[in-house]
1. How many of the residues in region 1-24 are surrounded by fewer than 19 Cβ atoms within 10 Å (Cβ to Cβ) and among the hydrophobic types (A, V, I, L, M, F, W, C)?
2. With a cut-off of at least 2 residues that are surrounded by fewer than 22 Cβ atoms within 10 Å (Cβ to Cβ) and in contact (Cβ under 8 Å) with a residue 40 or more places away in the chain, name the helices (runs of 4 or more DSSP H) lying wholly within region 25-116.
3. Count, please, the residues in region 139-180 that happen to be charged (D, E, K, R) and not in a loop (DSSP other than H, G, I, E, B).
4. Answer yes or no: is there a residue in region 76-86 that is closer than 27 Å to Asp125 by Cα, modelled with pLDDT of 95 or more, among the aromatic types (Phe, Trp, Tyr) and in contact with a strand residue (DSSP E or B) (Cβ under 7 Å, 6 or more places away or on another chain).
5. With Asp169, Asp132, Asp198 as the choices, which residue is within 16 Å of the ligand (Cβ to nearest atom), touching a residue at least 40 places away in the same chain (Cβ under 8 Å) and surrounded by fewer than 18 Cβ atoms within 10 Å (Cβ to Cβ)?
6. Output the number of residues of region 3-24 satisfying the condition of being without any contact (Cβ under 8 Å) to a residue 12 or more places away in the chain and either in contact with a strand residue (DSSP E or B) (Cβ under 8 Å, 6 or more places away or on another chain) or in a loop (DSSP other than H, G, I, E, B) (or both).
Amino acid sequence: QPSGKVIYLTFDDGPGVYTDELLAVLEKYNAKVTFFAVGTNTNLERNLKAIAAAGHSIGIHTVTHEYAEIYANKDAFLKDMYDMQALIQKHTGITTTLMRFPGGSSNRLSDNKCDMKQLVRTVTDLGFQYFDWNVDSDDAGQARKKDTVLENVTEGLSWHSTAIVLQHDIQPFSVEAVEEIIVWGLENGFTFLPLQPDSPN
Ligand code: ZN
């Protein structure tokens, strides 16, 4: 495990049209992050190749992200999860076992059709590592401006020495906040690392 203060920036629901801009900022500061990818956006192959080439981690966030479908039952979830793993493998050559459940591992989105505790156990037994987050930018919620994202993230980071930050690279204002998040993190002694199978979750 890394020593010192660590920020794992994670970007869900992409890659998409703002991913190039994000990759450029990350390269400028040599910051490595994690993308929990879905399979439905344009230019998936090109974006995944660029992410992999830059040395970021890629994780599974399901192909469709459609709660009603993926959480209909355990088999539906597993099929979609393996489909996304295969898609990432096809485009990058990387067989990732990193995973993030849409809505998080303790969500109630499945309306109790899917027992999340059992699903989490099954996925773990199958050799996947799922990651939730302890700092939420709220960029899929109330935050609608760069400055709000920045405030939410820096406020959250002040409480953690090992932080997993939730952002979405399909939100342009959230991508715009990344440079200032990195500068703040570096000034406050954090290192930016990509999630690995043995990273704390
Ligand atoms: Zn998501």
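1. 2
2. 44-53, 74-92
3. 7
4. no
5. Asp132
6. Selection size over region 3-24: 1.
The values are calculated or read from the model by the stated rules, or taken from the named source; none is laboratory data. Small disclaimer: the values here were computed from a predicted structure and weren't measured. Please note: Cβ atoms are built from the backbone with ideal geometry, for glycine as well, and neighbour counts cover all protein chains shown.
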